[in-house]
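I have placed the structure first, in the form of structure tokens, so that the comments after it can refer back to it.
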Amino acid sequence: MSDPKTMLAVSAHAADFVWRAGGAIALYVERGYKVRVLCLSYGERGESERLWRQPGMTLERVKESRRAESQQAADLLGAEIRFFDSGDYPLKPSEPVVQEMVMEFRRHQPEFVLTHSLADPYNPDHPEAAQLTFRARVYAQAAGYPAEGKKLEAPPVFMFEPHQPEQCEFKPQVLLDITPVFGRKRKAMESMEAQEHLWQYYTDLALRRGTQAVRNSGRKEIKYAEAFQRVYPQVTTELS
Ligand SMILES: [Zn+2]
């Protein structure tokens, strides 16, 4: 049997991939894809407010807790997850981390890639993660770059929806129907106990994008959707 196709998702922090792409991940796992999440940081300083309210909390304990939540969410979605622990506020990956990301691209030859938007005035680590993803993808395409494995072709990159899309110059160009797997996304979101305030927010967002998906397609069976924006042009033989 041939190797399964792979989807790669690069998440700045422990929970980003869950809120923004949990539906896409669960959907492609259901379709037989191997999904790999590269989690660059635990978000231990910036996105763990609730944990820091506990007396005597330490950076190490926050990281452990966020890692466990994130691992559980990935398990529920059916994804493999790799943690890089590259710091938070600021996210500062070393050159060896960039090299490892290049290896991920070459080793797994993803069909497509998901990551953050290029702008986010609320969290500079998100655009940093996007830039790193583009760097790793471009290096993996370069025949002369010293990394193992076959050089990468040109997998499309989709940016997933940021928390406040209007401020992040995000345009929802693609609406992905995640209705069949929304229950799994909700369960994965509920693993992120440090950010319980976002469970309903991202449920409401999925419903709203679902309504827009119906408006733009006429497919009334769609209830939940996730929005994405392309980085590179779509190459096609059909305009439909
Ligand atoms: Zn984040």
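The values are calculated or read from the model by the stated rules, or taken from the named source; none is laboratory data. Keep in mind that this is a model prediction, so the values were computed, not measured. Neighbour counts run over all protein chains shown; Cβ positions are idealised from the backbone, glycine included. Accessible surface is based on the protein model in full, side chains and every heavy atom, while ligands, DNA and RNA are left aside. Shrake-Rupley method; radii C 1.70, N 1.55, O 1.52, S 1.80 Å.
Conditions (1) within 23 Å of Arg135 (Cα to Cα); (2) assigned to a loop (DSSP other than H, G, I, E, B); (3) among the charged types (D, E, K, R); (4) open to solvent by 20 Å² or more (accessible area, probe 1.4 Å), marked per residue:
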| site | (1), (2), (3), (4) |
| --- | --- |
| Val10 | yes, no, no, no |
| Trp19 | no, no, no, no |
| Gly22 | no, no, no, no |
| Leu38 | yes, no, no, no |
| Ser41 | yes, yes, no, no |
| Arg45 | no, yes, yes, yes |
| Gly56 | no, yes, no, yes |
| Glu64 | no, no, yes, yes |
Check: Filtering the stretch 21-45 down to residues that are touching a residue at least 60 places away in the same chain (Cβ under 8 Å), more than 22 Å from Pro93 (Cα to Cα) and of a type in the set (D, E, K, R), which residue is nearest to the ligand (Cβ to nearest atom)?
Finding: Lys34
Margin query: Looking only at the stretch 115-167, filter to residues that are among the charged types (D, E, K, R), closer than 20 Å to Ser86 by Cβ and in contact with a Leu (Cβ under 9 Å, 6 or more places away or on another chain); which one of those is nearest to the ligand (Cβ to nearest atom)?
Written below: Asp125
Notebook entry, point to check: Name the pairs whose Cβ atoms lie under 6 Å apart, with the first residue in the stretch 197-217 and under 15 Å from Leu175 (Cβ atoms), the second of a type in the set (Ser, Thr, Tyr), and 6 or more positions between them or separate chains?
Noted result: Ala206/Tyr224; Gly210/Tyr224
Check: Does Gln195 satisfy being under 24 Å from Ala68 (Cβ atoms), in contact with a Ser or Thr (Cβ under 9 Å, 6 or more places away or on another chain) and in a helix (DSSP H, G or I)?
Finding: yes
Check: Given the residues Leu51, Leu132, which is the only one that is open to solvent by less than 70 Å² (accessible area, probe 1.4 Å) and either hydroxyl-bearing (Ser, Thr, Tyr) or at pLDDT below 85 (or both)?
Finding: Leu51
Note to self: For the stretch 68-89, give me each residue that is within 15 Å of Ala24 (Cβ to Cβ), assigned to a helix (DSSP H, G or I) and open to solvent by 30 Å² or more (accessible area, probe 1.4 Å).
What the structure shows: Leu76
Check: Based on what the data block shows, is Pro96 free of Cβ contacts under 8 Å to residues at least 12 places away in the same chain, open to solvent by less than 60 Å² (accessible area, probe 1.4 Å) and part of a helix (DSSP H, G or I)?
Finding: no
Next item on the list: Determine whether the stretch 46-68 contains at least one residue that is touching a Ser or Thr at 6+ places or on another chain (Cβ under 8 Å), of a type outside the set (Ser, Thr, Tyr) and more than 13 Å from the ligand (Cβ to nearest atom).
Entry: yes
Check: Does Lys223 satisfy being in contact (Cβ under 8 Å) with a residue 60 or more places away in the chain, surrounded by 12 or more Cβ atoms within 10 Å (Cβ to Cβ) and not aliphatic (A, V, I, L, M)?
Finding: no
Checklist line | Residues that are open to solvent by 80 Å² or more (accessible area, probe 1.4 Å) and closer than 29 Å to Lys63 by Cβ, drawn from the stretch 174-207 | finding: Lys187, Glu193, Glu196, His197, Gln200, Tyr201
Next item on the list: State whether the residues of the stretch 151-173 include one that is polar (S, T, N, Q), touching a residue at least 24 places away in the same chain (Cβ under 8 Å), outside any loop (DSSP other than H, G, I, E, B) and surrounded by 15 or more Cβ atoms within 10 Å (Cβ to Cβ).
Entry: no
